[in-house]
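Visitor: Sharing a structure here in structure tokens format.
The values are calculated or read from the model by the stated rules, or taken from the named source; none is laboratory data. Bear in mind that the values here come from a model prediction, so they are computed numbers and not experimental data. Counting neighbours? That spans all protein chains shown, and the Cβs are built from the backbone with ideal geometry, glycine included.
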Amino acid sequence: MNDYFSSDFKLGVLGGGQLGKMLLSETRKYDIHTCVLDPAADAPGRLACNEFFQGDLKDFDAVYNFGKKVDLLTIEIEAVNIEALEKLEEEGLEIHPSPRILKLIQDKTVQKQFYKDNNIPTSDFEIFNNKADTLLAIANRDWPMPVVWKAATGGYDGFGVNICRNQEDLQNVGDQKGLLEEMVPFEKELAVVVARNKKGETRSFPVVEMEFHPTANQVEFVIAPSSISEDLKEKAQKLAEQVADAFELCGILAVEMFLTKEGEILVNEVAPRTHNSGHLTIESNYTSQFEQHLRAILNLPLGSTDIKTAGVMANLVGTEGFTGNVIYEGYQDLMALDGVNIHIYGKKETRPFRKMGHVTVINKDVKEARKIAGLVKDKISVKA
Ligand code: ADP
């Protein structure tokens, strides 16, 4: 077994955004030498790593050469050059999650097919190669509206996902490969972050509830513990563990789900990395998702996922109508309130709905935490 603490061991991370930055708090805690590759010279993860390399994560040479400098490689973003990772893996480098899993996940049509093939409950869907075929299936009423169209690749944070309710919405269907999906009339959107190590041991965090921004199709609040029944909580956690097993994943997997009125839980999509829905674990749980990711990929014992205290996370995104050098307003009064934890990612430039930071409110009472989180959203503004 490797020695990781204060040793020559080098961990490589592809991506130095906010997820990388929060992972680096944990590598700092354990004094694990960490190298980061990111295209931006001023990436949020730049300051906390031991060695920073600037390079394009989609470029074969940049990723391959970076991989040659480290003993184990992980990611904080899925959009990376897979061919370089496959070559590095062939040459004996340990990579978590494996490029095989990244390949399954990068394309939403491949990901959906994987659920179907592995008997993982998910909404019905059909794959189309272009806009004309997609629109024909809707016109023929094989897929009557409302229906959801998703781009196979290139989408993120709700972009590349179009809910088609009427003729006008159909203009937003891209002329590219994608899928049509049954519109699920869900009660709630849930997420479970699960860790799995090389031995195949899994440990899931308690299920969280997500509240979405009404127009931006982006998560606004993440709430734990969820108000659903104990049975449903267990069902959601079991399902997340089943998905992690099916992928034979090593590391963290975030599983986004829909809960229907009938108590059915469907997998919407997954991310094989730390995730926005797990940020509140930093303050609310015995082990954070970032520490758990390290434990999983380094084959260390997985930590307790129990909740210490209720938490509600609010994303701080760029206010509509402002682009440019960021200014944060209104946070000083909020810092006087108990349990308000502000995270600023360190991105210099704001754009409408860009994730710039988040706030986790902890409280003994989840309802009180949600109330304060609402206040946070109203008071803090991210402008230019
Ligand atoms: P992204 O990768 O952009 O996050 P998602 O697949 O998570 O895309 O979709 C974004 C949001 O769109 C979901 O969180 C949900 O609110 C809505 N959505 C996606 N698929 C469906 C569906 N089949 N039925 C109803 N709503 C959906």
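Visitor: Taking only pairs six or more apart or across chains, which ones have beta-carbon atoms under 7 Å, a first residue in segment 236-263 that is closer than 21 Å to PHE212 by Cα, and a second residue that is among the basic types (Lys, Arg) and surrounded by fewer than 22 Cβ atoms within 10 Å (Cβ to Cβ)?
Guide: Going by the 7 Å Cβ cut-off, the qualifying pairs are LEU259/LYS188.
Visitor: Would you list the strands (runs of 3 or more DSSP E) that sit entirely within segment 111-228 and hold 1 or more residues that are of a type in the set (S, T, N, Q) and modelled with pLDDT under 95? Break it down stepwise before answering.
Guide: On the way: elements: 125-128, 147-151, 161-164, 178-182, 188-196, 202-204, 208-212, 219-224.
It comes to 161-164.
Visitor: Restricting segment 323-346 to residues that are within 17 Å of VAL222 (Cβ to Cβ) and assigned to a loop (DSSP other than H, G, I, E, B), which is nearest to the chain's Cα centre (by Cα)? If you could, list the steps in order and put the result at the bottom.
Guide: In the first step, residues of segment 323-346 are kept if they are within 17 Å of VAL222 (Cβ to Cβ); the result is 339-343, 345.
Next, from what is left, pick out any that are assigned to a loop (DSSP other than H, G, I, E, B): 339, 345.
On the way: GLY339: 24, TYR345: 15 Å.
That would be TYR345.
Every residue, every condition in (1) surrounded by fewer than 16 Cβ atoms within 10 Å (Cβ to Cβ); (2) not in a helix (DSSP H, G or I), yes or no:
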position: LEU73; (1), (2): no, yes
position: ILE77; (1), (2): no, yes
position: VAL80; (1), (2): no, yes
position: GLU83; (1), (2): yes, no
position: LYS87; (1), (2): no, no
position: GLY92; (1), (2): yes, yes
position: PRO97; (1), (2): no, yes
position: LEU104; (1), (2): no, no
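Visitor: Looking only at segment 149-202, which residues are surrounded by fewer than 17 Cβ atoms within 10 Å (Cβ to Cβ), farther than 30 Å from SER229 by Cα and either in contact (Cβ under 8 Å) with a residue 24 or more places away in the chain or within 15 Å of the ligand (Cβ to nearest atom) (or both)?
Guide: THR153, GLY154, GLY155, TYR156, PHE159, ARG165, ASP169, ASN172, ASP175, GLN176, LYS198, LYS199 - these are the residues of segment 149-202 that are surrounded by fewer than 17 Cβ atoms within 10 Å (Cβ to Cβ), farther than 30 Å from SER229 by Cα and either in contact (Cβ under 8 Å) with a residue 24 or more places away in the chain or within 15 Å of the ligand (Cβ to nearest atom) (or both).
Visitor: Now for a different question. Answer yes or no: is there a residue in segment 287-306 that is in a strand (DSSP E or B) and either free of Cβ contacts under 8 Å to residues at least 40 places away in the same chain or not basic (Lys, Arg) (or both). Reasoning before the result, please.
Guide: First pass over segment 287-306, keeping only residues in a strand (DSSP E or B): none.
No, the conditions are met nowhere in segment 287-306.
Visitor: Test LEU375 against the criterion of being assigned to a loop (DSSP other than H, G, I, E, B), out of contact with any Phe, Trp or Tyr (no Cβ under 9 Å at 6 or more places or on another chain) and of a type outside the set (Lys, Arg), and give yes or no. Break it down into steps so the answer makes sense when it comes.
Guide: Numbers: assigned to a loop (DSSP other than H, G, I, E, B): no; out of contact with any Phe, Trp or Tyr (no Cβ under 9 Å at 6 or more places or on another chain): yes; of a type outside the set (Lys, Arg): yes.
For LEU375, the condition - assigned to a loop (DSSP other than H, G, I, E, B), out of contact with any Phe, Trp or Tyr (no Cβ under 9 Å at 6 or more places or on another chain) and of a type outside the set (Lys, Arg) - is not met.
Visitor: If we keep just the residues of segment 239-261 that are in a loop (DSSP other than H, G, I, E, B) and within 15 Å of the ligand (Cβ to nearest atom), which is surrounded by the fewest Cβ atoms within 10 Å (Cβ to Cβ)? I'd like the intermediate steps shown before the answer.
Guide: Going through segment 239-261, the residues in a loop (DSSP other than H, G, I, E, B) turn out to be 248-250, 260-261.
Subsequent filtering for residues that are within 15 Å of the ligand (Cβ to nearest atom) retains 260-261.
Values: THR260: 14, LYS261: 9.
Filtering first and then ranking leaves LYS261.
Visitor: Quick check on my filter: what residues within segment 347-365 are of a type outside the set (A, V, I, L, M, F, W, C) and not in a loop (DSSP other than H, G, I, E, B)?
Guide: To start, the set of residues in segment 347-365 that are of a type outside the set (A, V, I, L, M, F, W, C) comprises 347-352, 354-355, 357-358, 360, 363-365.
Hits for segment 347-365 are GLU349, THR350, LYS355, GLY357, HIS358, THR360, ASN363.
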